[in-house]
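Just so it is clear, none of the values below were taken in a lab; they were calculated from the coordinates. No experiment lies behind these values; they were computed from the predicted model shown. Cβ placement follows ideal geometry from the backbone for every residue including glycine, while neighbour counts extend to all protein chains displayed.
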Amino acid sequence: MLPVSENDIRASFVNATRKELNELATPAGLDFDRLDFLGWRDPKFAKRAFVVVPVEGSLVGVVLKQADADPRRRAQCSWCQDVTLPNDVVLYAARRAGAAGRKGDSLGTLVCMNFECSANVRKLPPVAYLGFDVEAARLERMAGLRTRAAAFVTSVASGA
């Protein structure tokens, strides 16, 4: 992911209210070479999070709200699809953009609680069989993460 300014991040949000944008605290000191998307939790509101994903050369930002869930339940992240997760996965819901969002329409996805997906897909997978190309599998996992994250934010942005 390319370095972006705070203004680029703020301008990317498709489902944020003015109040949410005014309260937005952007993360600092990120290693953009090791990120497939920006994701962070709101330090002021425990159940709110933000994600910014590159989609076809532009950024799409989405405000997320964490659903209440039983912390003892385990789930697989829809984005990184890591089966050996060292972290918790939660259900995040996003209000759709435009009129659909104002009517209350939303989408949900299971994602790593603190958006560790980029780190998870960069770990080398275990050797599945003799001759298994772990580097190719890792690159495929990284591409899959970008595709799934982009598909989610595009669905939110479309408002349909």
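Taking the average, over residues, of other Cβ atoms within 10 Å as the packing measure, peptides 124-136, 93-105 rank 93-105, 124-136 from highest down.
Taking 7 Å steps out from each Cα toward its Cβ at Trp40 and Arg10 produces label points 1.4 nm apart. For a test of the definition: using alpha carbon positions, the gyration tensor, and the 1.5 limit on a/c, classify region 8-160 as rounded, prolate or oblate. Prolate shape, in that a/c is at least 1.5 and a/b is the bigger ratio. Our estimate of slack between Thr84 and Thr147, defined as 0.36 nm per intervening residue step minus the Cα-Cα distance, is 20.6 nm. Among Ser12, Ser106, Ser58, the largest mean-square fluctuation in a Gaussian network model of the chain, built with springs joining Cα atoms closer than 10 Å, belongs to Ser58.
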